[in-house]
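Visitor: Take a look at this one; I'll ask things after.
Nothing in this text is a laboratory measurement; each read-out follows from the coordinates by a stated rule. Small disclaimer: the values here were computed from a predicted structure and weren't measured. Backbone-built Cβ (ideal geometry, glycine too); neighbour counts: all protein chains shown.
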Amino acid sequence: MTFPTHFMWGAATASYQIEGAIHQDGRKDCIWDKLAKGHVPFDETGEIACDHYNHLEEDVALLKQIGLKAYRFSIAWPRIIPNGTGNINQKGLDFYLKLVKLLKEANIEPMVTLYHWDLPYDLFLQGGWKNENSPLWFESYVRVVVNALAPYVKYFITFNEPNCFIGISYEGAEHAPFLNEPSSLLPCTRNVLLAHGRAVHVIRELAPHAQIGYAPTGAIYTPTDNSKDAIDSARDLTFSSTRSAFSTDWWIDPVILGSFHQNALAKMGVTEVFTKDEWALVTSKIDFLGFNVYQSTGQEVAGSKYPSNRYCGSPVTAMDWTITPESIYYAVKFLQDRYHLPILITENGMANTDFLMLDGKVHDPQRIDFMHRYLLALEKAIDEGYDVIGYTYWSLMDNYEWACGYKYRFGLIYVDYQTQKRTLKDSANWYKEVIATNGQNL
Ligand code: NOJ
């Protein structure tokens, strides 16, 4: 049992969740700065977060200490083009240039996510992703970022989880901009997918060496038993837009297969979403498929009050997400069988009740066991021949968990938000060994 030799063992973060410094060096507000109030416990925002913006060297040193081979992070659009369109803020670019240079010096592969939910507030005032100009706004922003970072960066990821920043943000009002407007799904789906296509073109033009990916998530149904019928039925459920715009296929089928499931079309109230030329743009070739996977989605079981992924007392994380390692195996299997692209696990991890203990350490055996189980399930897929290029654990450090504020901790590194002191958790030291042995110790 072996992970590929150049397997990219990594960790992931997102700008808004760690950077803080929301008004430093010319950054302007994003939608979370302005709209979180009233939607998040204690009205918490990313105002200070982990103050990563002012702890850059220290944080890269910790990445190095853990022995990470890759680091996935995102760029804050409102730091680069504070109004969303127009003037470029060189100081914002300088911050990321410094980060990628430090990473290169430390032999850590930078993986840049171009959009992880911090839309400039000024663009929201113009309708955000509902505005038909949004693909052009995004293209201009991507041009600036890629132009600056291309000499140092090989891996670019267009979008993180449109399932969330559209699916549960414009319908269901769970995330900023906290709207519940099912009629927005059609324009937002169109605009985000066109923006993705435009970004792919810009990256190819400015960084011909780049590997381009995408990082959606979505419901992964797992089979109720090992029979072929059960596996096929879980696969069908995974790819039939049963969860509106949170569904897995909603955001990947168009990009790779050039189609939508009929349930998605019905939900949007149309029979077609794009013209022929628009389809050509949306399906621009990408090189790998990222996927964020945490848990399986349960199916109804006849005669049982529990869904298929739970039983009385079944294990869950602090956020009540089911501990279901088979979800990562089936995610890889279903996605690669269908889309035939190398897979990067762009997120996987758990929220735990971590705290600094009397001995000054953070012992998190639950996280170690969680990672161990999920990595074994990932290794099973690799052993069966699936092409997985890396795994970036969510998250490098505790951070702002969006609508849940700072209550839940996903990090390998514990952050004391009062003092900004960082402490490596036991899981960080355990992961270090996994990386050093390329997974042989699992
Ligand atoms: C999904 C998101 O990409 C990330 O921002 C979030 O913190 C984690 N998963 C955990 O919910």
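Visitor: Which helices of the chain meet both criteria: a Cα extent of 27 Å or more along the helical axis and a mean Kyte-Doolittle score no lower than -0.5, with helices taken as whole DSSP H segments?
Guide: 185-206
Visitor: Same structure, new question: 7 Å from Cα along Cα→Cβ at both residue 337 and residue 228: what's the point-to-point distance in nm?
Guide: 1.1 nm
Visitor: In Å, what Rg and Dmax follow from the Cα atoms of region 22-127?
Guide: Cα only, region 22-127: 14.9, 44 Å (Rg, Dmax).
Visitor: Karplus couplings for region 11-23 from phi (6.51 cos²θ - 1.76 cosθ + 1.60, θ = phi - 60°), rounded to Hz, Gly and Pro as x?
Guide: The phi angles translate into 9, 10, 8, 9, 3, 5, 6, 10, 5, x, 6, 5, 10 Hz.
Visitor: So, one more: Where a Cα-Cα gap under 21 Å defines reach, which lysines qualify for residue 425, not counting those fewer than 8 residues away within the same chain?
Guide: Straight-distance partners of residue 425: 64, 69, 361, 407.
Visitor: Take every DSSP beta bridge with both residues inside region 248-399 and express the antiparallel ones as a percent of the total, to the nearest 5.
Guide: 10 percent
Visitor: Could you give the spread of the C-alpha atoms of region 84-219 along their three principal axes, from largest to smallest, in whole angstroms?
Guide: Between the extreme Cα coordinates on each principal axis of region 84-219 lie 47, 36, 24 Å.
Visitor: Can you compute 3J(HN,Hα) from phi for each residue in region 216-223, using the Karplus curve 6.51 cos²θ - 1.76 cosθ + 1.60 with θ = phi - 60°, rounded to whole Hz and x for Gly and Pro?
Guide: The phi angles translate into x, 10, x, 5, 10, 7, 10, x Hz.
Visitor: Additional query: Using +1 on the beta carbon of Lys and Arg, -1 on that of Asp and Glu, and nothing else charged, what's the dipole of the chain about the Cα centre, debye to 20?
Guide: Once rounded to the nearest 20, the dipole reads 520 debye.
Visitor: For region 282-384, just say rounded, prolate or oblate: build the C-alpha gyration tensor, square-root its eigenvalues into a ≥ b ≥ c, call rounded for a/c under 1.5, and beyond that prolate if a/b exceeds b/c, oblate if not.
Guide: Oblate is the answer for region 282-384, as a/c is 1.5 or above yet b/c matches or exceeds a/b.
Visitor: I would also like to ask the following. Roughly how far apart, in whole Å, are the Cα centres of region 154-214 and region 389-442?
Guide: When both Cα centres are located, 26 Å separates them.
Visitor: Where is the GNM fluctuation largest for the chain (alpha-carbon springs, 10 angstrom cutoff): 378, 102, 114?
Guide: Sorting by GNM fluctuation, first place goes to 102.
Visitor: Note down the magnitude of the dipole of region 70-120 about its Cα centre, charges +1 on Lys and Arg C-beta and -1 on Asp and Glu C-beta and zero elsewhere, to the nearest 20 debye.
Guide: 80 debye
Visitor: Can you list the aspartates and glutamates whose alpha carbon sits under 15 Å from that of residue 228, skipping same-chain ones fewer than 8 residues off?
Guide: Of all the aspartates and glutamates, those that pass the test against residue 228 - Cα under 15 Å, at least 8 places apart if same chain - are 236, 337.
Visitor: Around residue 409, which amide H atoms from residues at least 5 apart in sequence, or from another chain, sit under 5 Å from its own amide H, with H modelled in the peptide plane?
Guide: 352, 354
Visitor: What number, rounded to the nearest 500 deg cm²/dmol, is the helix-based mean residue ellipticity at 222 nm of the chain, given -39500 (n - 2.57) per DSSP H run of at least four residues and division by all its residues?
Guide: -10500 deg cm²/dmol
Visitor: Enumerate the lysines that residue 28 could reach by cross-link, defined here as Cα to Cα under 18 Å, with residues fewer than 8 away along the same chain left out.
Guide: Partners found: 37, 91.
Visitor: Out of every Cα-Cα pair in the chain, what percent are more than 31 Å apart?
Guide: That fraction is 36 percent.
Visitor: Shape call for region 151-252 from the C-alpha gyration tensor, a ≥ b ≥ c root eigenvalues: rounded (a/c under 1.5), prolate (a/b greater than b/c) or oblate?
Guide: Oblate shape, in that a/c is at least 1.5 and b/c is the bigger or equal ratio.
Visitor: OK, next. Can you put 141, 386 in order, fewest other beta carbons within 10 Å first?
Guide: 386, 141
Visitor: Now, a different point. Near the amide H of residue 30, under 5 Å away, which other amide H atoms are found, from residues 5 or more places off or on another chain, if H is placed in the peptide plane?
Guide: 121
Visitor: If a/c stays under 1.5 just call it rounded; otherwise compare a/b with b/c (prolate if a/b is bigger, oblate if not). Do that for region 225-353, with a ≥ b ≥ c from the square roots of the Cα gyration tensor eigenvalues.
Guide: Prolate, because a/c is 1.5 or more and a/b exceeds b/c.
Visitor: Lys and Arg at +1, Asp and Glu at -1: add these up for the other residues within a Cβ distance under 10 Å of residue 427 and post the number.
Guide: -1
Visitor: Follow-up question, since we're still on this one. Packing-wise, with mean Cβ within 10 Å as the measure, how do 122-133, 340-351 rank, highest first?
Guide: Answer by packing, highest mean first, reads 340-351, 122-133.
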